[in-house]
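The structure appears right after this line, and notes come after that.
Only the coordinates and a few stated rules stand behind these numbers; no lab work does. Values in this document were obtained by computation on a predicted structure and should not be read as measured data. When we count neighbours, we look across all protein chains shown, and the Cβ atoms used for this are built from the backbone with ideal geometry, even at glycine.
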Amino acid sequence: MIGALRTAAALIAAGERSPEAIVRQMRERLRATGLTPIDYAALVDPLEMNPVREVGGNMLAVIAAHSGKTRLIDNLLIGADGAELSPMDVFDS
């Protein structure tokens, strides 16, 4: 799963700005590793949890997929430049 999340970060770092294209690549990576069915794969706003319409600012890549009968959930906080972020980078008050 982390591979699919890091694929999103790498695509953003390489200049991809289409959330749809990024999510499509995340799903392809999950399928290639046998994590199906996929419940969801998305780029969302880390505060509102709404899907992003364009790449910019901090985003949360989120995935829920299955390995056999087990449902797996993971996420990765990503900056506008594709850098992997810590929650402290965004939520530190």
The chain - percent relative contact order, Cα under 8 Å, separation 6 or more: 28
Stretchable slack from A80 to A32, in nm (0.36 nm times residue separation minus alpha-carbon distance): 14.6 nm
The range 30-86 pair-distance distribution - Cα-Cα, 5 Å bins, rounded %: 4, 20, 26, 18, 16, 13, 3, 0
Whole-angstrom gap from the range 61-93 to the range 1-47, using each part's C-alpha centre: 10
Of the trypsin sites (Lys or Arg not before Pro) in the chain, those whose Cβ has at most 14 other Cβ within 10 Å and which sit in DSSP loop: R17, R53, K69
Spacing of the two label points (7 Å from each Cα toward its C-beta) at D39 and R71, in nm: 0.3
Using a Förster distance of 35 Å, the FRET efficiency for E16-M49 (Cβ separation, nearest 0.05): 0.95
Helix-derived mean residue ellipticity, 222 nm - over the chain, DSSP H n ≥ 4, -39500 (n - 2.57), to 500: -10000 deg cm²/dmol
Ranked list, fewest to most other Cβ atoms within 10 Å of each Cβ, for M49, M1: M49, M1
For the range 1-71, size of Cβ-based charge dipole, Lys and Arg +1, Asp and Glu -1, in debye: 320
Neighbourhood charge, 14 Å Cβ-Cβ cut-off, centred on G15 and excluding it, Lys, Arg +1 and Asp, Glu -1: -2
GluC sites (Glu not before Pro) restricted to the range 32-93 and DSSP loop, no more than 16 other C-beta within 10 Å: E48, E54
